[in-house]
1. Would you grab the residues whose amide H sits under 5 Å from the one on residue 248? Only those 5+ places off in sequence or on another chain, please, with H modelled 1.01 Å from N.
2. List, largest first, the extents of the alpha carbons of the range 60-165 along their principal axes, each in whole Å.
3. Residue-wise, which Karplus ³J(HN,Hα) couplings in Hz belong to the range 87-103, taking 6.51 cos²θ - 1.76 cosθ + 1.60, θ = phi - 60°, and x for glycine or proline?
4. So what is the relative contact order for the chain, in percent, with contacts set as C-alpha pairs under 8 Å and at least six apart?
5. Work out the FRET efficiency for residue 427 and residue 293 from their Cβ-Cβ distance, taking R0 = 25 Å, and round it to the nearest 0.05.
6. To make sure I understand the rule: partners must be lysines, Cα under 29 Å from the Cα of residue 403, and not fewer than 8 residues away in the same chain. Which ones qualify?
7. Please list, in chain and number order, the residues 5+ apart from residue 103 or on another chain whose amide H is under 5 Å from its amide H, with Hs placed from the backbone.
8. Please report the antiparallel percentage of DSSP beta bridges with both residues in the chain, rounded to the nearest 5.
Amino acid sequence: MTKSLNIIICGAGLGGLGAAIALVRKGHRVIVLEAASKLNEVGAGIQIPPNSTRILQTYELEEKIREKIVWPSNINFRRYATGDVIGTTPLDPVMSEKYGYPYWLIHRADYQRVLYDAAKEAGATILLGSPIESVEESESGPSIVLKDGRQFKGDLVVGADGIRSKTRKTVLKENIEAINSRNCAYRATIPAKVMNSDPAIAHLMTDINSNCWIGHERHIMAYPIRNGELYNLVMSHPGQASVGRWNEPGDLDEMKKHYCNFDPIIQRVLEHVNSCLKWKLAYLPPLTKWVSDSGRVVLIGDAAHGMLPYLAQGAATSIEDGAALAECLDRVQDISDIPIMLQAFQAIRKPRCEAIASGARANGDIWHMADGPEQAQRDSEMRQEMDHSSPQTVLNPNKWSDKDFQPWLFGYDTVKLTNNFLDNYLAQPLGSEKDQLNTNRSRIQVISVH
């Protein structure tokens, strides 16, 4: 019989709330501690691919999310200077037909609110205005000390506290800082009525696609969100900003200057931006471990595998983490089982997330090529794939459409594969072999099951 655990989650972002839902649904008692005094998830649009919509539907959230989402027909990759489409990935209805689950676009704040409400309705306790001072470990179990002196003790602590995680230091016994990429990103939204008032760009609100203009060292990803109420823009460019800070004001003139040689259509869109936010694009190196020495503190989401946004998988992998963690802890029959099951969680999740993070960095390099022979070859290969004339031996530069990578990424069934892994894992005799599963072996098992 599964033991009901007292679990403390640090952080009420998308990953922490997703984990809270999964764990409460399994019968655990969950407290979520969040530093912010109110829900103010800054940002704009976020993509929800099939590997996470699969999970959200098991949480019975589709009806609530449907009120807030857009169903894009395609991701179109465009030549930065002309807007010509050089590659495309069909999304609706193709994703549902291939993988059984759709691809959605949503405002990040709407996504967080849906998860927050669902976690509370399921029975999680969420304490806002509760910044963490430290995460402590003792023989009797882990505990959290807040900045105001309050203390919380549990059977398990889940660090979902982002790329600047405090929990990470407890796990690793050292400070591992995020690595700055060369780029920052602007975020902005434009009301639909403003977009529709300009005949030159109004079509972008009715042609429901995610459009990505790619050029040297920079790109613009743009699409409608909030059921067509807003047009969302994410603009990557070389620059500096504060790591982990989402609400740093951006300079509009500087923003427009970065894209002064881009397609006149997207430049016209930028003329209608009246404010923007700026944040630094950073990522974590592969960590040595996600589980503390005591086996009672575990990292998930950006705290474990913060990645660049060039595959739109940061939130998706965090949602996967929560679902996988719940399946692992569902096998716990005694407190002493927690370390074993967290090691299993790490063995399942770490290789996949690190492979996706590596792919995201590589995708940025592909998008941000300088004009020249390599860029021309990239564009040619993407067009061939789009026209279905690409030789089978040619790797697709458009990772979203790659015949091997796409099903591995979007077709991943977290719950099924986690349980398949656990069945194999628990069938082994207790001892050092089980306790020291290496990541190469786990990767082979997970991928072979898929």
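1. Long-range HN contacts for residue 248: 278.
2. Ordered largest first, the range 60-165 gives principal extents of 59, 35, 25 Å.
3. Values per residue, Gly and Pro as x: x, 8, 10, x, 10, 10, x, 4, 4, 5, 5, 7, 10, x, 9, x, 10 Hz.
4. Values: 935 pairs, mean separation 90.0, N = 450.
Once normalised by length, the contact order is 20 percent.
5. On the way: r = 26 Å, r/R0 = 1.05.
The pair residue 427/residue 293 has a calculated efficiency of 0.45.
6. Residue 403 reaches 98, 350, 416.
7. 96
8. Details: 49 of 69 bridges.
Percentage antiparallel, nearest 5: 70.
Any read-out appearing in this document is the output of simple, stated calculations on the displayed coordinates, not a laboratory observation. These numbers come from a predicted model, not from an experiment. FYI the Cβ positions are ideal-geometry reconstructions off the backbone, even for glycines, and counts take in every protein chain you see.
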